[in-house]
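Here's the structure, in structure tokens; my notes come after.
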Amino acid sequence: MKRIRLLTLALSAVLFGSAANAQIQKGNIMVGADLTNLSVTFQKESTAFSFNLSPKVGWFIKDGLAIGGYVDFGANTTKNKTTDTRASNTNYGVGAFARYFVEDKNVRKLEFSKRTRFFVEANAGFAGQNPASGASTNGFNVGIGPGISYFITPNIGLEGLFKYDLTVGGGNSTTANRLSLGVGFQIYLPSAKAKAIYKEERSGK
């Protein structure tokens, strides 16, 4: 009975803890993904589907500041039932990012809950937009934007991120500008815990 009570207390601490500062300490790891432009459209003569997924992994080099890498992939497909044709647009990206959780007192006053933290994220790498028809751009990419994270548990944050991206390179168009509003999640773990999970998975137990 005591073991059940202890297990219940431990589970409650994990699921309902409210601190949002311990997760962003130096040495911690964040793993997750952002999802943007997810939609499915059904019409009498055509069907369209689109999405953009950005997995990322970061490491806190100091309290509140994480750096890491990301991969970005998106697709937009449309099938015309009348002509039995399909059009597909794709975009991709890979690079490094940095995320800073804002500590300014004036900004912190805007946080509506102890579980909420504002951050700014920037990225740099290579990206491309390649539509089936129209302008395409492939080359160097930079982006920056504000975000907000709401910690539903001490280790899991639901996030919203508004970003501006600029791609400069070759293709039909030398530049491409993009604004995106994405939602996603991040899992925050101490490095020791992350290593223990990795070793457990490798051992197959």
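The values are calculated or read from the model by the stated rules, or taken from the named source; none is laboratory data. Quick caveat, the model's predicted, so the values are computed rather than measured. Counting neighbours? That spans all protein chains shown, and the Cβs are built from the backbone with ideal geometry, glycine included. Please note that ligands, DNA and RNA were not included when accessible areas were found on the heavy atoms of the full protein model with its side chains. Shrake-Rupley method; radii C 1.70, N 1.55, O 1.52, S 1.80 Å.
Here are some notes:
- Model label zone, PHE140; criterion: amide N under 12 Å from point 7 Å along Cα-to-beta-carbon; scope region 158-190: 167-170
- Computed with a 1.4 Å probe over protein heavy atoms only, the accessible area of LYS79 comes to about 80 Å².
- As computed over region 94-157, the Cα convex hull volume per residue (Å³): 140
- Cut-off under 5 Å, modelled amide H: who pairs with GLY32 long-range: LYS56, ILE187
- Rounded to the nearest 10 Å², the accessible area of PHE151 at probe 1.4 Å: 0
- Out of every Cα-Cα pair that region 58-178 contains, those further apart than 26 angstrom amount to 37 percent.
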